[in-house]
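Okay, so here's the structure we're looking at.
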Amino acid sequence: MAASLLPVVANSVEAGDPLLAYGARIVGDDARTRIVIDFDREPRFSVHYIANPERIVVDLPATAFGFPAKDLAARGLFKDIRYGKMDEESARIVLTTTGPVKLALAKVQADEAGKGHRLVLDAEMIDKRAFAELVKTQSWSDRTEAAQTTSAIPAPEKAAPGDFVIAVDAGHGGIDTGAIGVDTKTEEKQVTLAFAKALTDRLNKEPGIKAFLTREDDEFLSLSQRVLIARQNHAGLFISLHADTLKQKDIRGATVYTISDKASDKLAADLAERENLSDQIAGKETVAEPPEVADILLDLTRRETQAFSISLAESVLNSFKDQVGTINNPHRHAGFRVLQAPDVPSILLEIGFLSNAEDEKLLLDEAWRGKIVGLLTDAVKRYRAAVMANGG
Ligand SMILES: [Zn+2]
């Protein structure tokens, strides 16, 4: 090799040599997707956002892309991924996304073996307004500034400091109609949206409470998108509203569900299984959860959150007592994916069953809706008072 005849060079790789990207991985779903690219040396990079259609552009120094294309095949939030040479000194990765996104994380870390460096890009779905803000406020001039890109991202719209923020989730929507009423053929997605809107309006009349809807229209949201929206808006509570059907048409009344690995009973297990099918109904691939840091702190958070969820469920059932019919053992639990936020106390409320004709009548009755919404608001207020009394 010619290089051996030359005087000793400290680093065998000359500055002008292109970086080698020798490995790539992509994991995640339509709410969060992570890309990891392995480099032989530390890459300097910058990130930019482009609208119409929404894209993320990652600029790199000259890079040879040596991994198989299939290792970085588009999935999750990305519908097209391209990369290659721009000129002698630069290369670019263009990530075309399924909608507005931001990189919640974009950083280079040394790999465990200390041999190379990996570029980690964590994309998260955001709303249109936040994406427009990203496009508007970014700078194209400074190549290094974006290396610490997280600080440049505007925070989601926040409630006033000290407000108790509540995510109200209308179950189903769009292509996923949910259950269908026995008599009137009313779709569950309409019933849940009407209740969710009424509950949000009612909660927002309370000083110090700021409620918002995960969906405001008849649109499809995947289960993980619902969870992410709650977390992005710093929700302190998540309430998912449903009115499903059961094979046993005589069963009627409300049920409150909290999450657990093991279902409390067969009815709860069946219901959770059907609810978790929502993503498949819309043709979403069911994929493994995006990487969560599995550590003791997260476990503690989960356990604490679960205790809060249970306390909210009990508060709701206390409010309903002698006011609203409930099924036997009205607090049940199962592995509902929509209740999986590790840090947001969450419940799923089956207001009633569209498979029962009497329940169906009530579910469509505006006065009854007002009553339920009032009782839920009382429950939330009592829950909040209890949490604050305990220094939470
Ligand atoms: Zn449902």
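Read the figures in this text as sums done on the coordinates, not as results from a lab. Because the structure is a prediction, the values reported are computed rather than measured. Positions of Cβ are backbone-derived with ideal geometry, glycine not excepted, and every protein chain shown enters the neighbour counts.
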> Between Val120 and Asn318, what FRET efficiency follows from the Cβ-Cβ distance if R0 is 30 Å, with the result rounded to 0.05?
Replying inline: 0.05
> If each residue's Cβ is checked for other Cβ atoms within 10 Å, how do Arg215, Arg382 rank with the fewest at the top?
Replying inline: Arg382, Arg215
> Rounded to the nearest 0.05, what FRET efficiency do Asn328 and Val135 have when you use their Cβ-Cβ distance and R0 = 51 Å?
Replying inline: 0.45
>> Using Cα-Cα distances under 8 Å and only pairs 6 or more residues apart, what relative contact order does the chain have, in percent?
In response: 16
>> Which residues among the range 32-50 fall inside the zone where the amide N is under 19 Å from a point 7 Å beyond the Cα of Ala113, along Cα→Cβ?
In response: 36-43
>> For a protection proxy built on the mean count of beta-carbon atoms within 10 angstrom, sort 315-327, 218-230 highest first, please.
In response: 218-230, 315-327
>> Quick check on the exposure proxy: order Lys189, Lys107, Lys262 from fewest to most C-beta atoms within 10 angstrom.
In response: Lys262, Lys107, Lys189
>> Just to be sure I understand the model, the point goes 7 Å from the Cα along the line to the Cβ. What's the resulting Asp80 to Thr98 distance in nm?
In response: 1.7
> Projected onto the charge dipole of the chain (+1 at Lys/Arg Cβ, -1 at Asp/Glu Cβ, origin at the Cα centre), which of Val316, Phe39, Thr305 gives the Cα projection farthest towards the positive end?
Replying inline: Val316
> Hey, what number do you get for the chain at 222 nm if only DSSP H runs of n ≥ 4 count, each worth -39500 (n - 2.57), divided across all residues, to the nearest 500?
Replying inline: -8500 deg cm²/dmol
> Which FRET efficiency value, to the nearest 0.05, is calculated for Ala69 and Asp218 with the Förster distance at 51 angstrom and r the Cβ-Cβ distance?
Replying inline: 0.85
> Among the lysines, which have Cα under 28 Å from the Cα of Lys128 when same-chain residues fewer than 8 positions away are ignored?
Replying inline: Lys79, Lys102, Lys107, Lys136, Lys158, Lys189, Lys197, Lys205, Lys210, Lys284
> Among the DSSP beta bridges whose two residues both lie in the chain, what percent are antiparallel, rounded to the nearest 5?
Replying inline: 70
